[in-house]
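Remarks on the structure that follows.
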Amino acid sequence: MGAAGRDFHNFNVFFRNNPDFRVVAFTATQIPYISNRTYPASLAGRLYPKGIPIRPEDELRDLMVSEKVTDVYFSYSDVSNQYVMDKASVAQSKGASYHLLGPADTMIRSKKPVVAVVATRTGAGKSTISRRVAHLLLERGLKPVVIRHPMPYGDLSIAVQRFATHGDLDRFHATIEEREEYEGHIDKGLVVYAGVDYQAILDEAEKEGDVILWDGGNNDFSFYAPDLNIVVADPVRVGDESSYYPGETNVRMADVIVVNKVNIVAKKAVDQLIQNCRALNPGAKIVKTKSEAVLDKPELVRKKRILAVEDGPSVTHGGLSIGAGAVAAKAVGATLVDPRSKAVGSIRSAFQRFPKLGKVLPALGYSEGQLKELEQSINAVECDAVVLGTPSDLTRMIEIRKPVARVIYEAVEVGKPSLSEFLDLKKLKGR
């Protein structure tokens, strides 16, 4: 059971060429347009010359009966502990055993030092912390190569993708979600790898960097055994660090816990989050960071009626009602315009599927058709300007017929310790 990421990795490292199992199907959820495909024979290995079907998760019960399934492996992230056990009940009600593969079975070891940045929830601020870590490594004269958690929403036969320019994003037909994660690193001159086969990806990345920087997705744990495991925790959602899977796993495995966004929540929330994390992992070091959001064109936004377009995963399955765009706009006296009545197609459906969404528009663009729906929805809203809270520059992909301001946000450490104190890679690799 997966969502086009952890499921494929688990198959590659645990099931591929394993004669003790016969994998009858992947199921897919969370992300649109990723089911009704085939995991290609070129990646599936010698036991699956025709590849493996990928079916919608709502067909799970029928698949279990028709294929006489004996074992179900849950392989995706950023869901509540209750949700995980609900799926266990479905599997067991049909007679199957239910499994969660752990780090020992799925983490690949690298010849280079590995720094992993993961989180307790989607939207905690991994991207800003990853960029901060990359900056600190560069300051030390090291060359980090970023490997990003998979988002294989297109051609699954492309096992290894290398992104060094915006042209590479176009060449691989990167979705908005992919661009949100890659552009910030590319703009800093870093190389980003992603794809489907993470052993093959690591083999390439090790050739051109001093250190591997694992940039995690959702709240999944790293695909590589980390020498330093940095976990970003979100004080906006106190309690989720111990009630969402596998975010709690990350907290318990953390070397460093970064409590982010301390500048936008009450001190009481920060203190409670730290207390909760220390109860789960007393040995982890705690670093506090501010998430500073800055408008590149504040004059377009100040005291105006604006549409905030936010990072899609954060405000959909991440559960946030608003994102950086709305926060930055309201800080300069702007008024949010509710886009619900103007949203069309799958964008309108997102408001029904994720009722916690506030007066913001999620930046969803997993297909050409959905990009057109996003464009139409944005341009239909009556407002003075559009604020892009997504890290991706949407104007490269769609036409926005209104003034556009972008939010640039970075992480800044507050007090001691700081992240730089934990990046002595010689000590890390020798421990």
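Quick note: the coordinates plus some simple rules give every number you see, no bench work behind them. A quick note: this is a predicted structure, and the numbers were derived from the prediction, not measured. Cβ atoms come from the backbone with ideal geometry, glycine included; neighbour counts cover every protein chain shown.
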Quote the relative contact order of the chain in percent (integer), defining contacts as alpha-carbon pairs under 8 Å separated by 6+ residues. 16 percent
Within the range 47-150, list the GluC sites (Glu not before Pro) lying in a DSSP loop whose Cβ has at most 13 other Cβ atoms in a 10 Å radius. E67
Could you tell me the center-to-center distance, by alpha carbons, between the range 361-431 and the range 1-66 in angstrom? 31 Å
May I ask for the distance between the Cα centers of the range 301-352 and the range 123-181, given as a whole number of Å? 25 Å
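To the nearest µm²/s, what D does Stokes-Einstein give for the range 1-150 at 10 °C and 1.306 mPa s, using the Kirkwood radius over alpha carbon pairs as Rh?
91 µm²/s
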Count the DSSP beta bridges whose two residues both fall in the chain, then state the antiparallel fraction as a percent rounded to the nearest 5. 30 percent
Counting Lys and Arg as +1 and Asp and Glu as -1, what is the net charge of the other residues whose Cβ lies under 15 Å from the Cβ of I347? -1
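Taking the number of other C-beta atoms within 10 Å as the exposure measure, put M151, M397 in order starting with the fewest.
Working: M151 24, M397 20.
Ordered from fewest to most neighbouring Cβ atoms within 10 Å, M151, M397 come out as M397, M151.
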Trypsin sites (Lys or Arg not before Pro) restricted to the range 154-241 and DSSP loop, no more than 16 other C-beta within 10 Å: K188, K207
Exposure-ranked with fewest Cβ neighbours within 10 Å first, D234, D255 stand as D255, D234
Ellipticity estimate at 222 nm from DSSP helix runs (n ≥ 4, -39,500 (n - 2.57)) divided over the chain, nearest 500: -8500 deg cm²/dmol
Can you tell me which lysines have their Cα less than 20 Å from the Cα of K50? Leave out same-chain residues fewer than eight positions away. K68
Taking only C-alpha pairs under 8 Å that are 6+ residues apart, what is the relative contact order of the range 287-391 in percent? 39 percent
Residues S127, S80, sorted so that the one with the fewest Cβ neighbours within 10 Å comes first: S80, S127
Any aspartates and glutamates whose Cα falls less than 19 Å from that of K112, other than same-chain ones fewer than 8 residues away, would be E139, D197, D203, E204, E206, E208, D210, D215, D227, D255, D424
